[in-house]
Amino acid sequence: MRSLYCGQLRAEHIEKTVTLYGWVDRRRDHGGVVFLDLRDRTGTVQIVSDPERTPNSYPVAEEVRNEYVVKVVGRVTQRPEESLNDKLPTGQVEVYADELTVLNAVRKQLPFQVSTAEEENVREDLRLKYRYLDLRRDRMAKNMRLRHEIIKSIRRFLEDTENFIEIETPILTRSTPEGARDFILPSRVNEGEWFALPQSPQLFKQILMVAGMDRYYQIARCFRDEDLRADRQPEFTQLDMEMSFMDEEEILALNERLLVHIFKTVKGIDIPTPLPRLTYADALARYGSDKPDTRYGLELVDVSDIVKDSGFKVFSGAVKGGGQVKVLPIPGGNDAISNVRIKPKGDLFKVATDAGARGVAYVRVREGGEIDTIGAIKDNLSAEQTQELLARTGAQPGHLLLFGAGDVGTVNATLDKLRQAIAQELNLIDENKTNLLWVTDFPMFEWNADENRYEALHHPFTAPHPDDVDDLTTARAVAYDIVYNGYEIGGGSLRIYQPDVQAKVFKTIGLSEEEANDKFGFLLEAFEYGTPPHGGIAYGLDRLVMLLAGENSIREAIAFPKTQQARDLLTSAPSSVDERQLKELSVKSTFKPKEKDA
C-alpha cells in the first residue's frame, strides 16, 4: 500500500521505508547514478538509483522515461548538503529505490512537455485537447488543489459553524425567464415538451425556504447559453445560499464571516471587517463601474455643472441633452501619456471608442495653473470655469485630465475602461492587496428600449426598498454584490415574500397575471402557504478560484472547461447525433451546412 504522497515527504521521515506511486516527472543520469523526480498530485520528490546501493532497481531506472507510471519502494535519506533544494517542500530528502516497478509506459510521443522542471508555454487549444496531461502539470494541479481547499473551507464553515444544510436541486427543470438564454432539452416520454438546464437554483431555493429548510446551501452547477468571455463559461459552478428570518445586515455579516474564513484558511490572508460599502449610485459616480477596483485611486469627477454653459458644444450639448461630463484626473499624466496615444489611431483612443465613445477630450495642467490642450476646450472655458475645474478635480501641474461627455452610460463605461488601462500601465495596482467591498442599493429595474418595457436588473423576485414601494419604476432594490479587486464574485438580495408586492413587480415588467401564473405558478402557489421572510446570495466559484489562483481566465480554474466557442476539445463536443435519436425525441434539425467553396 502507498505510505505517503510524494509531496508529503519531509525530514521527519528519514530512515523510514516508504511506498510511493506516481509519474516520472524527469529522469537524469549522472555518471551511473540515475535520479528520478517522482510526481503525484501533491508534488515531487527525488528518487535515487545506483548499481551498488540499489542493484534491483537500477536496470529499471535506466529504462524509464518521462511520464512512465511507476511504483517505488525505498528508504528516505537526507540529501547531501550540496544538493538541498529550498524551492521544494521535499527538498531536504530523497528516496533510495530498493524496488522500482513500471506500472505503465508512455507509448506515444507527448504533445507537449509535462515536467514541472521543463514546463513551457503551450497553445491553449493543445492544452484543452490533452487536458489530462495539462492537469498533471504543476500550474493546473495547484489550481485544482486550491479549488478543493476553497470548497472544503466553505462546507466546513457553513455546516459546522452556521448550521446550514446542503440540498441538491434539479438539473432538469422548466424554462423560466432569468435574463440569459436557456439550454433546452426535448423530453422523449412527454412528446413535444421540453426541459431546461437551470441558470441558477433560484426558484427551488426559495421554495426550500417555504419548506422550512431555513438555511440552505449548494455547490450548484448552472448553465447559460450566452456569449463567452474570459471569466464566463456555458456551464459553471456557484456557491448558492438562502436564509430565512434574516435581514440584510445579518446576511451581509454572515457572508463577511464566510469570506474571512475562506481567505484565512486557504491563503492565510486576514480580511478586516466590516467590509466597506458603496451604493450603486456612488460606485458609478466615483468609478464609472458597479464593480470598482479600489486598490488604487484615479476617481472620476463630475463637472457637468461647471461646463454646461461653456462655449465648447461637445460639453454643453452633452449636459443639455440629459447626459453628463466627467473627468478622469491622472497625476503625472503629462509625462507618462503622449498626445498621440489619445488622438485617433492611439491605443487610449481605441480603449475609449471600444467602450462606445466617439473620442477623448483632454487637458494638460502646466505650471501656474495654465491649461494646455489641442482643440477648442481652452478657448471656450472662462477663467472662472477653468479655476473651478482645476479646484474640483484637485489638478496640479503635471496632471492630465481626460474627459468623457455624452450619455451617462457611455461616459461611465469609457472612463472606467480608461481608468483600468492607465492604472495597469502606471503600475498603480498593488497586486498584494485584497480589497473586498459591498455594492448596495441597486435599481430594481432598467429600461429596455428595444422591447419598450422595464426589466428586472437582477431578477423579478428581488425585494424593493421599503421606502420606494410607491413607485417601483424608480425603486431601489434590497440587493447587494460583493466585489473583489474589481470583479463581482457574488450577488444576492432579500426576496419578495408578500403576494401583493410580487404581483406589482410582475405588472411593472409587463407580465400579465395569466403570464405570471404560466411561468411561475408553482412558486406563487407555494407563497400562499406561509412564506417566511428570506434572502440569499450566490458566489461565482470558478471566478473566485481564478482570482485566488492569480489567473486571468476561469478556464484555468476548471478541470474541463469549454473554449470561447463553447466547445470541449477533449471530447469534441458538441457533436452530431444519430438521426434515430432525434426521431425518438420528435425533433428534426433545420440546420443546413454552408456550401463549401469550390
Rounded to 5, the percent of DSSP beta bridges in the chain classed as antiparallel: 90 percent
Computed E for Asp347/Asn427 - FRET, C-beta separation, R0 22 angstrom, nearest 0.05: 0.85
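By how many nm would the segment from Met213 to Thr563 lengthen if fully extended, with 0.36 nm per residue of separation less the alpha-carbon distance?
That works out to 122.2 nm of additional length.
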Chain lengthening between Asp354 and Asn552 when straightened (0.36 nm per residue, less Cα-Cα): 69.2 nm
27 Å Cα-Cα threshold exceeded, pairs from Lys313/Lys343; Lys291/Lys507; Lys308/Lys417: Lys291/Lys507
For region 447-461 versus region 471-538, the gap between their alpha-carbon centres in whole angstrom: 13 Å
The chain: calculated mean residue ellipticity at 222 nm from DSSP helix runs of at least 4, using -39500 (n - 2.57): -8000 deg cm²/dmol
Efficiency of FRET between Glu515 and Asp305 - r from beta-carbon atoms, R0 45 angstrom, step 0.05: 0.55
Computed FRET value (nearest 0.05) for Lys504 with Glu12, which takes r as the C-beta separation and R₀ as 60 Å: 0.35
Of the DSSP H helices in the chain, those whose Cα atoms cover at least 18 Å axially and whose Kyte score averages -0.5 or more: 248-267, 408-425
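Computing the accessible area with a 1.4 Å probe over protein heavy atoms, can you report the carbon and sulfur percentage for region 450-501?
43 percent
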Spacing of the two label points (7 Å from each Cα toward its C-beta) at Glu384 and Arg2, in nm: 7.9 nm
5 angstrom amide H check on Gln564, placed H, neighbours 5+ away: none
Carbon plus sulfur fraction of accessible area for region 528-595, probe 1.4 Å, in percent: 51 percent
Solvent-accessible heavy-atom area per residue, rounded to whole Å², over the chain at 1.4 Å: 51 Å²
Packing rank of 125-131, 440-446, where each peptide gets the mean count of other beta carbons within 10 Å, highest leading: 440-446, 125-131
Label corresponding to log10 I(q)/I(0) by the Debye sum over Cα atoms at q = 0.10, 0.12, 0.13 Å⁻¹ when calculated from the structure given, among [x] -0.89, -1.19, -1.33; [y] -0.79, -1.21, -1.48; [z] -1.08, -1.27, -1.35: [z]
Inter-label distance for Ser175 and Arg41, nm, one decimal - labels placed 7 Å from Cα along Cα-to-Cβ: 3.8 nm
Protein accessible area in region 279-390, 1.4 Å probe - carbon and sulfur %: 50 percent
For peptides 546-556, 77-87, 49-59, 195-205, sequence by mean Cβ density within 10 Å, most packed first: 195-205, 546-556, 49-59, 77-87
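Contour minus end-to-end for Leu524 and Lys267, with contour as 0.36 nm per residue of separation and end-to-end as the Cα-Cα distance?
88.2 nm
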Region 1-70: relative contact order in percent, alpha carbon pairs under 8 Å with at least 6 residues between: 32 percent
By accessible area with a 1.4 Å probe, ligands and nucleic acids excluded, highest first: order of Lys350, Lys108: Lys108, Lys350
Phe591 paired with Asp227, simple spin-label distance in nm, labels 7 Å along Cα-to-beta-carbon: 2.1 nm
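The values are calculated or read from the model by the stated rules, or taken from the named source; none is laboratory data. Worth saying up front: this structure is predicted, and the values here are computed from it rather than measured. Positions of Cβ are generated from backbone atoms using ideal geometry, with glycine treated the same way; all protein chains shown enter the neighbour counts. Keep in mind that these areas ignore ligands, DNA and RNA; they rest on the heavy atoms of the full protein, side chains included. Shrake-Rupley method; radii C 1.70, N 1.55, O 1.52, S 1.80 Å.
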